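Participant: This is the structure, below, for whatever I ask next.
The values are calculated or read from the model by the stated rules, or taken from the named source; none is laboratory data. Keep in mind that this is a model prediction, so the values were computed, not measured. Here Cβ is always computed from backbone atoms with ideal geometry, including for glycine, and neighbour counts include all displayed protein chains. Calculation scope for accessible area: heavy atoms of the full protein, side chains included, ligands and nucleic acids excluded. Shrake-Rupley method; radii C 1.70, N 1.55, O 1.52, S 1.80 Å.
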Amino acid sequence: VHFVESGGGLVEPGGSLRLSCEASGSLFPIDDLGWYRQRPGKEREQVATVSPWGGPSFGPSVLGRISISRDNNAKDTVYLEMKNLKPEDTGIYYCRALVRLATWWGQGIQVTVSS
């Protein structure tokens, strides 16, 4: 699976970001598609994922501050909207695709929340 991740960067506390991930090249339909993150000194954790029929799943550390949507028509793309960002949201955000129980990872993009 090939990923095109975009939307990361530097944002001030309280700001917003939109991350996009376009997944392609899978021989089979992608099951769950979404975002994980790895914050400094912590293990990789779920941010949010979306099932093929649009059902979202959110990680506990971001509840209430994010939304996720998926467009799986022409190209399978997932959009993550994050608001009220905090310095502890800083980390590398990875796109993840689940295809028939196999996990595929994007290369990751940096999100830095700092004034």
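Participant: Only one residue in Pro13, Pro60 is out of contact with any Asp or Glu (no Cβ under 8 Å at 6 or more places or on another chain), open to solvent by 50 Å² or more (accessible area, probe 1.4 Å), in contact (Cβ under 8 Å) with a residue 40 or more places away in the chain and under 30 Å from Ser115 (Cβ atoms), so which one is that?
Facilitator: Sole residue among the options that is out of contact with any Asp or Glu (no Cβ under 8 Å at 6 or more places or on another chain), open to solvent by 50 Å² or more (accessible area, probe 1.4 Å), in contact (Cβ under 8 Å) with a residue 40 or more places away in the chain and under 30 Å from Ser115 (Cβ atoms): Pro13.
Participant: Scanning the stretch 17-46 for residues that are of a type in the set (Gly, Ala, Ser) and within 14 Å of the chain's Cα centre (by Cα), which turns out farthest from Ser115 (Cα to Cα)?
Facilitator: Ala23
Participant: Which of the residues spanning the stretch 31-71 are small (Gly, Ala, Ser) and within 16 Å of Gly106 (Cβ to Cβ)?
Facilitator: Kept after step one, since they are small (Gly, Ala, Ser), are these residues of the stretch 31-71: 34, 41, 48, 51, 54-55, 57, 59, 61, 64, 67, 69.
Gly34, Ala48 - these are the residues of the stretch 31-71 that are small (Gly, Ala, Ser) and within 16 Å of Gly106 (Cβ to Cβ).
Participant: When you scan the stretch 16-57, how many residues do you find that are of a type in the set (Gly, Ala, Ser), open to solvent by less than 30 Å² (accessible area, probe 1.4 Å) and modelled with pLDDT of 95 or more?
Facilitator: 4
Participant: From the set of residues in the stretch 84-115 that are among the small types (Gly, Ala, Ser) and either modelled with pLDDT under 95 or open to solvent by 30 Å² or more (accessible area, probe 1.4 Å) (or both), which is nearest to Val1 (Cα to Cα)?
Facilitator: Checking each candidate, the answer is Ala102.
Participant: Another question about this same structure. Could we say that Ala74 is free of Cβ contacts under 8 Å to residues at least 40 places away in the same chain and either under 10 Å from the mean Cα position of the chain (by Cα) or surrounded by 13 or more Cβ atoms within 10 Å (Cβ to Cβ) (or both) here? Show your work before the answer.
Facilitator: Details: free of Cβ contacts under 8 Å to residues at least 40 places away in the same chain: yes; either under 10 Å from the mean Cα position of the chain (by Cα) or surrounded by 13 or more Cβ atoms within 10 Å (Cβ to Cβ) (or both): no.
Here the answer is no, as Ala74 does not meet what is asked.
Participant: Just checking, how many residues over the stretch 16-49 are without any contact (Cβ under 8 Å) to a residue 40 or more places away in the chain, touching a helix residue (DSSP H, G or I) at 6+ places or on another chain (Cβ under 8 Å) and more than 20 Å from Ser69 (Cβ to Cβ)?
Facilitator: 1
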